[in-house]
Structures are given as C-alpha cells and as structure tokens.
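Let me begin by presenting the structure, written as structure tokens, before commenting on it.
The values are calculated or read from the model by the stated rules, or taken from the named source; none is laboratory data. Predicted model, so just to flag it, every value in this text is computed and none were measured. With ideal geometry, Cβ positions are generated from the backbone for all residues, glycine too; neighbour counts draw on all protein chains shown. For accessibility, only protein heavy atoms count, side chains too; no ligands or nucleic acids. Shrake-Rupley method; radii C 1.70, N 1.55, O 1.52, S 1.80 Å.
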Amino acid sequence: QICSLCVGVCPNIALLTYEMAPLRADLPALAVANGTVVETGSTSFVVDQRLQIAVLTDLCNECGTCVTACPTSGRPYVDKPRLYLDRVDFEAQESNAFMLLGGGVMEARFDGSTHRLAALGAGAVGAGAVGGRIEYTAPGFQAVLDRATLALLDATPTGAAEGEDLSLRPAAVMATLLAGVTGSLPQVPTVAGGGTRVAHPGYAE
C-alpha cells in the first residue's frame, strides 16, 4: 500500500510517484583477499512495494508541507530518494543523492563518496528484465551484475585494502531506482554534460 499524500500536497510538484517491479535478491557480501574480490556470505535485498516516491530536488523549496501531511510522521522531502540536476548540489551531499545521466547511467552519493552505475541491455531491473548487465563502480572496486537478478558476475578491486569489506547494496538501490524512474517517469529530465541548475520559470539566471 502507498498513500502518496505527500505527492498530492506538494505545491511545487517536486514529489513524484514512480512504479517498479518488486524484487528479492541475495546480494553476496564481498571482501578483498589476496588481491582479488571474494564472497564471504550474503545479505537479502527486498523491495516489496510496487509504487515508490522520489524527490526532484531542483523543484523542492523544503517548505515542509509534505512533513505536515505525512501520516507516519516522516519527512518525505528528506527521507525519499533525492534526484539532483545540479552537479555542485549533488556532490555537496553526504548520502541519498542521485543523478540521472541518461543512457541507463546513474551516479549516487553514499557515505560521502560517488558511485556510478550503467545498466546495459534490454528490459528493466527486476521482474520482466530480459538479458543485460549492470556495470557498477564504487570506491575501491568495480563489479558486473546480472541486470535481472542482481547476481554477481565479476568483481575487481581498484584500491580497496586487503581484508576490506565491500557492499553491493548501493548498486542494488541505484539499479532499482534507475529502472523505476526511467521506466515510469519519462518527464524527469536527465543531466546533460556537467549538470546545471534548473532555474524557477519565474526568474532569470
């Protein structure tokens, strides 16, 4: 179930409902050993809810209307995935910042670092995906995942220390958000070039 009340009350239409295929995947836990990436276990990644909410931050003035209306006492404009069009704003974020670059490419900020994901091949991530792979670049390692199941196909260390634990959870978050937004919100713009701020239509830059 989803209420989408925050979407309905947003005066700037900054909160958007998108649709995605539910997904359950066992993500391998990874670590660097003897100069290679090895699997040390697994962790579950589950997205049960078909309808989700994202924030187009360039349209959000953080007025708080969505906070007042939220029946679960949440802060939708802060808690939901935040999409950025301006690179300076994006890189200033510690976490929960996403940038659509077009062509199946997304960048995201997690724990102060930028991660990059490119979804290649046909279909969407999750149920109904057909073929294809995901190329994921994170601080310290690179990985290739199956686009439909998020199964690990390959991983290579690129600076991670011996014994360092590596996580594929950011890749799963990015992949599901990318598939949902690009698949059901064609009106959301992607970033061309370096990314520039979108001005309010009533004001000149």
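Listing for the model above:
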| quantity | calculated |
| --- | --- |
| Any chance L145 is of a type in the set (A, V, I, L, M), without any contact (Cβ under 8 Å) to a residue 40 or more places away in the chain, open to solvent by less than 50 Å² (accessible area, probe 1.4 Å) and not in a loop (DSSP other than H, G, I, E, B) | yes |
| Boolean, A204 is at pLDDT below 90, farther than 20 Å from R82 by Cβ, among the small types (G, A, S) and open to solvent by 70 Å² or more (accessible area, probe 1.4 Å) | yes |
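Let's see how each residue does on (1) open to solvent by 70 Å² or more (accessible area, probe 1.4 Å); (2) modelled with pLDDT under 95; (3) under 20 Å from M174 (Cβ atoms):
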position: M20; (1), (2), (3): no, yes, yes
position: A25; (1), (2), (3): no, yes, yes
position: G35; (1), (2), (3): no, yes, no
position: R50; (1), (2), (3): yes, yes, yes
position: A54; (1), (2), (3): no, no, yes
position: P71; (1), (2), (3): yes, yes, no
position: L83; (1), (2), (3): no, no, yes
position: F90; (1), (2), (3): no, no, yes
position: S95; (1), (2), (3): no, no, yes
